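Nothing in this text is a laboratory measurement; each read-out follows from the coordinates by a stated rule. Treat the numbers as computed from the prediction; the structure is a model and nothing was measured. Please note: Cβ atoms are built from the backbone with ideal geometry, for glycine as well, and neighbour counts cover all protein chains shown.
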Amino acid sequence: MEKRAAIIGCGKVGRNWALLFLRAGWSVRVFDPDTGATDQLQKLVAQLADSEPGYENGLSRLSVHQTLSDTIEGALWIQESAPDRLDLKRKIYQKVQVTCPTEAVIASSTETLGAHEIQACAVRPKFVLVVRPMSYGFSNPKVAVLGGVKTNPKFLAQAATFLQELGLETEISSGR
């Protein structure tokens, strides 16, 4: 089975998530309404292909999509990195959860919203959590994995294990 991640939002944080998954050998599907952001990501991957291990065939595993439903098709991990506006995230989560694979993890990179606020936007809240880098650009490979009141602790632990397999250190917190 192909390991596929979907990245929603290709600003600084979303771009770094895309690079992390590409370096780990995943196929990465991205969406951003700003084509400049996706163009910048593609240029960066092309540059890294010449100099960094793990990115040699990165461009062939990176695809840009025009709709959320195309972006999330077949994704095992969906990383939402849109601006921290609850109204925007609500629209994204409602669209994404209607068509995403039922087993897909949906993680938000939010810096200002709690997991409970993100879950309140979701159709299937128990599959939604917050995973945020604890340093800019993953200069420190540590991420916070935050569950809300509706998060199953087992699901939270599985997500943390998955992130550890990507080379990240995890700090887990639940019930926010």
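Things to note:
- Among (1) 169; (2) 102; (3) 115, the entry derived from the coordinates for volume of the Cα convex hull per residue in Å³: (2)
- Taking the Cα centre of the chain as reference, the dipole from Cβ charges on Lys and Arg (+1) and Asp and Glu (-1) amounts to some 520 debye.
- Other residues within the sphere of radius under 9 Å centred on the Cβ of V143, judged by their own Cβ, net out at 0 (K and R +1, D and E -1).
- Choice from D87, D70, D32 with maximal GNM fluctuation in the chain (Cα, 10 Å cutoff): D87
- Ranking T151, Y55, L166 by Cα position along the charge dipole of the range 4-173, where only Lys, Arg, Asp and Glu carry charges on their C-beta atoms, puts T151 farthest toward the positive end.
- Positive contributions from Lys and Arg (+1) and negative ones from Asp and Glu (-1), summed over other residues with Cβ under 15 Å from the Cβ of G54, come out at -1.
- The Cβ shell under 12 Å around M134 holds other residues with a net charge of -1, Lys and Arg each +1, Asp and Glu each -1.
- Among E103, E117, E80, residue whose mean-square fluctuation peaks in a GNM of the chain (springs only between Cα atoms under 10 Å): E103
- Take every pair of alpha-carbon atoms less than 8 Å apart whose residues are at least six positions apart; their mean separation over the length of the chain yields a relative contact order of 18 percent.
- Centroid-to-centroid separation of the range 110-176 and the range 1-79 [C-alpha atoms, Å]: 20
- Ranked by the mean number of other Cβ atoms within 10 Å of their residues, highest first, the peptides 50-56, 107-113, 17-23 fall in the order 17-23, 107-113, 50-56.
- GNM remark for the chain: springs join alpha carbons under 10 Å apart, and the peak mean-square fluctuation among Q42, Q119, Q158 falls on Q158.
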